[in-house]
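Undergrad: Sending over a structure as structure tokens; questions will come in a sec.
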Amino acid sequence: MDKIAREQAMTMIARAMKITGQQVESETGEADKLLAAFDNSNKAAGWARESIASCINAEIVSGRSGKLIEPKEKTTQAEVAVIVRRLLQKSGLI
């Protein structure tokens, strides 16, 4: 019943993307370029950066308030519902 951070949720979604065939391959340094568009992306843990970038690149996750990715903030049930729905839609499962 613990709450999870947005970066944790995006890591799980990136893993699910591989299963559904939605994995977006990125070139070296592409993750840093994608994350640079967000003012607080430097707060993301190193282990989560590629997953966050994959979710953004696949347009499954977007920032909060436009330019904030908020990787350490807790995610809401509503956010998770939207993210899962987008993954399923893009995968052609719904």
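The values are calculated or read from the model by the stated rules, or taken from the named source; none is laboratory data. Just so you know, these numbers come straight off a predicted model, no measurement behind them. Cβ coordinates were reconstructed from backbone atoms using ideal geometry, including for glycine residues, and neighbour counts include every protein chain displayed.
Undergrad: Looking at (1) surrounded by 16 or more Cβ atoms within 10 Å (Cβ to Cβ); (2) more than 23 Å from MET1 (Cα to Cα), which one does THR20 not meet, given that it meets all the others?
TA: (1)
Undergrad: Need pairs with beta-carbon distance below 8 Å; first residue more than 21 Å from ARG64 (Cβ to Cβ) and within the range 1-22, second part of a loop (DSSP other than H, G, I, E, B) and modelled with pLDDT under 95; sequence gap 6+ or separate chains.
TA: THR20/SER91; THR20/LEU93; GLY21/SER91; GLN22/ALA58; GLN22/ILE60; GLN22/SER91
Undergrad: Would you mention how many residues in the range 42-78 are of a type in the set (Asp, Glu) and more than 21 Å from LYS18 (Cβ to Cβ)?
TA: 2
Undergrad: Could you check the range 55-84 and list, in sequence order, the residues that are more than 9 Å from the chain's Cα centre (by Cα) and in a helix (DSSP H, G or I)?
TA: GLN77, ALA78, GLU79, VAL80, ALA81, VAL82, VAL84 - these are the residues of the range 55-84 that are more than 9 Å from the chain's Cα centre (by Cα) and in a helix (DSSP H, G or I).
Undergrad: Within the range 3-19, is there a residue that is closer than 15 Å to LEU88 by Cα, at pLDDT 90 or above and in a loop (DSSP other than H, G, I, E, B)?
TA: No: zero hits.
Undergrad: Name the residue that is surrounded by the most Cβ atoms within 10 Å (Cβ to Cβ), counting only residues in the range 36-89 that are under 16 Å from ILE13 (Cα atoms) and among the polar types (S, T, N, Q).
TA: SER54
Undergrad: Do the conditions hold for GLY92, that is, is it without any contact (Cβ under 8 Å) to a residue 40 or more places away in the chain and on the phi > 0 side of the Ramachandran plot?
TA: yes
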